[in-house]
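Novice: Take a look at the following structure, please.
The values are calculated or read from the model by the stated rules, or taken from the named source; none is laboratory data. All values derive from a computational prediction rather than experimental measurement. Note: ideal-geometry Cβ built from the backbone for every residue, glycine included; neighbour counts use all protein chains shown.
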Amino acid sequence: VRSLASTALRSLFDSLLVPSCLDCGDLVPSLSPFDFPVCAACAEGFERILPPACGRCGVPLPAAARAAVRCGPCRTHPPDFRRAAAAFVYGGPVARIVLRLKYGREAWLAPPLGRVLAAAAHASGLGAATAAGAVVVAVPLAPARLRSRGYNQAVLLGRAAARTLGLPLAADALARARDPGPQDHHGRRERRERVAGCFAVTTRGARVVEGRPVLLVDDVITTGATASECARVLLAAGAASVDVIAVARAVS
Ligand SMILES: [Zn+2]
Ligand SMILES: [Zn+2]
C-alpha cells in the first residue's frame with residue numbers, strides 16, 4: 001500500500017515537474033523554444049514577429065524593407081502611440097491560446113504569456129517603456145464583458161509582464177467611456193472612428209501616468225486603433241510616452 005501511494009505521489013510529482021504544452025496539453029520533456037512550455041509539433045505553428053517590422057505599429061514588413069521604416073497606414077495616419085510590438089503573428093496555436101484565455105476561463109494562461117510580453121518588449125527595444133520609472137497600463141474591458149468573464153485578460157497579462165519587468169501596474173488607469181461594439185468585421189478607418197471617445201483616464205490613472213512612460217498591454221493588436229485611442233487619452237492626461245505590447249498582432 002505504501003509503495004502504491006508513493007508511486008502515485010511520484011507520478012503526480014513528475015507531472016508537476018514535466019510541463020504540459022500550452023496548446024495541446026502533451027508533456028514537454030525538453031526545453032521549449034519559447035518562454036513557456038510548448039511541444040515541438042505545436043511550436044512549429046508559432047510565428048514570431050521578426051525584423052524588419054514597421055517602426056511605429058510593429059507590423060511585419062517584406063524582407064527587403066529597411067529596419068524601422070514605417071508601413072503605409074502609419075505614414076498616412078500615424079498612431080498616437082510611439083511604438084507597438086507583439087511577440088507573435090496572430091493565428092494557429094497562438095490564436096487558440098489567446099481565445100482560451102479570453103473566452104475559456106483559463107486565466108492561468110496569463111502568467112506565461114505575460115512573461116512572453118515582457119521578453120518581446122525588451123527584444124523590440126521599447127526602451128523607456130520597460131525601464132525604471134515606467135508604469136504598465138492595461139486596455140480596459142467593457143463593464144458588461146468584465147462582469148461575465150470575471151477578469152480582464154489584459155490586466156492579468158499586464159500584471160505578469162509588470163512583475164517580470166519590475167514595474168508597477170496601474171490596473172485601473174483606463175476605463176471604458178462607452179462600448180465601441182463588436183470590432184471584428186470593420187476596416188481600419190471605421191475601427192478608428194468607432195473607438196474614438198471609448199476610453200477615459202481615471203482620476204487615479206491620471207495621477208499615476210503623469211510624466212511617466214507608459215507600457216500599454218493588450219492581448220491582440222488588430223489594426224492598432226484601440227491602442228492608438230488609449231494612447232491618445234493617456235498622453236492627454238500627461239503620460240510622457242505610450243508604447244504598446246501585445247501577445248500577437250493580426251497580419252492581413
Ligand atoms: Zn503541443
Ligand atoms: Zn505601421
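Novice: Please go through the range 43-76 and pick out each residue that is among the hydrophobic types (A, V, I, L, M, F, W, C), in a loop (DSSP other than H, G, I, E, B) and over 21 Å from Leu109 (Cβ atoms). I'd like the intermediate steps shown before the answer.
Specialist: Of the range 43-76, the ones among the hydrophobic types (A, V, I, L, M, F, W, C) are 43, 46, 49-50, 53-54, 57, 59, 61, 63-65, 67-69, 71, 74.
Still in the running and in a loop (DSSP other than H, G, I, E, B): 46, 49-50, 54, 57, 59, 61, 63-65, 67-69, 71.
Selection gives Leu50, Cys54, Cys57, Val59, Leu61, Ala63, Ala64, Ala65, Ala67, Ala68, Val69, Cys71.
Here's the yes/no breakdown for (1) within 12 Å of ligand 1 (Cβ to nearest atom); (2) modelled with pLDDT of 85 or more:
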| site | (1), (2) |
| --- | --- |
| Leu17 | no, no |
| Leu22 | yes, yes |
| Ser30 | no, no |
| Asp35 | no, no |
| Val38 | yes, yes |
| Glu44 | yes, yes |
| Glu47 | no, yes |
| Ala53 | no, yes |
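Novice: When you go through (1) surrounded by fewer than 21 Cβ atoms within 10 Å (Cβ to Cβ); (2) in contact with a Phe, Trp or Tyr (Cβ under 9 Å, 6 or more places away or on another chain); (3) not polar (S, T, N, Q) one by one for Ala231, which number turns out not to apply?
Specialist: (1)
Novice: If we scan the range 81-89, do we find a residue that is within 16 Å of ligand 1 (Cβ to nearest atom) and closer than 20 Å to Thr226 by Cα?
Specialist: yes
Novice: Follow-up question, since we're still on this one. Please find, within the range 34-57, the residue that is nearest to ligand 2 (Cβ to nearest atom) out of those that are in contact with a Lys or Arg (Cβ under 6 Å, 6 or more places away or on another chain) and either more than 19 Å from Ala227 (Cβ to Cβ) or not charged (D, E, K, R) (or both). Walk me through it before giving the result.
Specialist: Going through the range 34-57, the residues in contact with a Lys or Arg (Cβ under 6 Å, 6 or more places away or on another chain) turn out to be 35, 54-56.
Those left that are additionally either more than 19 Å from Ala227 (Cβ to Cβ) or not charged (D, E, K, R) (or both): 35, 54-55.
Values: Asp35: 25, Cys54: 3, Gly55: 7 Å.
The residue in question is Cys54.
Novice: Now, a different point. Filter the range 72-96 for residues that are over 21 Å from the mean Cα position of the chain (by Cα) and crowded, with 17+ Cβ neighbours inside 10 Å and give the result. Please lay out each step first, then the result.
Specialist: Filtering the range 72-96 for residues over 21 Å from the mean Cα position of the chain (by Cα) gives 72-73, 75-77.
Selection gives Pro73 alone.
A quick yes/no check of all residues on (1) closer than 17 Å to Ala171 by Cα; (2) of a type in the set (Asp, Glu); (3) touching a helix residue (DSSP H, G or I) at 6+ places or on another chain (Cβ under 9 Å); (4) not in a strand (DSSP E or B):
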site	(1), (2), (3), (4)
Glu193	no, yes, yes, yes
Ala200	yes, no, yes, no
Gly205	yes, no, yes, yes
Val214	yes, no, yes, no
Asp219	yes, yes, yes, no
Cys230	yes, no, yes, yes
Asp243	yes, yes, yes, no
Ala248	no, no, yes, no
Val251	no, no, no, yes
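Novice: Quick check on the range 161-178: of everything there that is under 19 Å from Ala131 (Cα atoms) and outside any loop (DSSP other than H, G, I, E, B), which residue is nearest to the chain's Cα centre (by Cα)?
Specialist: The selected residue is Ala161.
Novice: Within the set of pairs 6+ apart or on separate chains, which have a first residue in the range 29-42 that is part of a loop (DSSP other than H, G, I, E, B), a second that is among the β-branched types (Val, Ile, Thr) and near ligand 1 (Cβ under 9 Å from one of its atoms), and C-beta atoms under 9 Å apart?
Specialist: The qualifying pairs are Ser32/Val38; Pro37/Val28; Val38/Val28; Cys39/Val28.
Novice: Every residue in the range 80-103 that is assigned to a loop (DSSP other than H, G, I, E, B) and within 26 Å of Arg212 (Cα to Cα), please. Spell out how you get there, then give the answer.
Specialist: Kept after step one, since they are assigned to a loop (DSSP other than H, G, I, E, B), are these residues of the range 80-103: 80-82, 90-91.
Once the filter is applied, which keeps residues that are assigned to a loop (DSSP other than H, G, I, E, B) and within 26 Å of Arg212 (Cα to Cα), the range 80-103 yields Asp80, Phe81, Arg82.
Here is a yes/no grid of residues against (1) in a loop (DSSP other than H, G, I, E, B); (2) out of contact with any Asp or Glu (no Cβ under 8 Å at 6 or more places or on another chain); (3) more than 16 Å from ligand 2 (Cβ to nearest atom):
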residue	(1), (2), (3)
Pro78	yes, yes, no
Arg105	yes, yes, yes
Leu109	no, yes, yes
Ala118	no, yes, yes
His122	no, yes, yes
Gly133	yes, yes, yes
Arg159	no, yes, yes
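Novice: Here is a check on your reading of the model: is Gly133 crowded, with 23+ Cβ neighbours inside 10 Å and among the small types (Gly, Ala, Ser)?
Specialist: Values: crowded, with 23+ Cβ neighbours inside 10 Å: no; among the small types (Gly, Ala, Ser): yes.
It is false that Gly133 is crowded, with 23+ Cβ neighbours inside 10 Å and among the small types (Gly, Ala, Ser).
Novice: Still on this structure, please answer the following. I need a count of the residues in the range 195-224 that are over 15 Å from the mean Cα position of the chain (by Cα), crowded, with 19+ Cβ neighbours inside 10 Å and within 22 Å of Pro73 (Cβ to Cβ).
Specialist: Residues meeting the conditions: 3.
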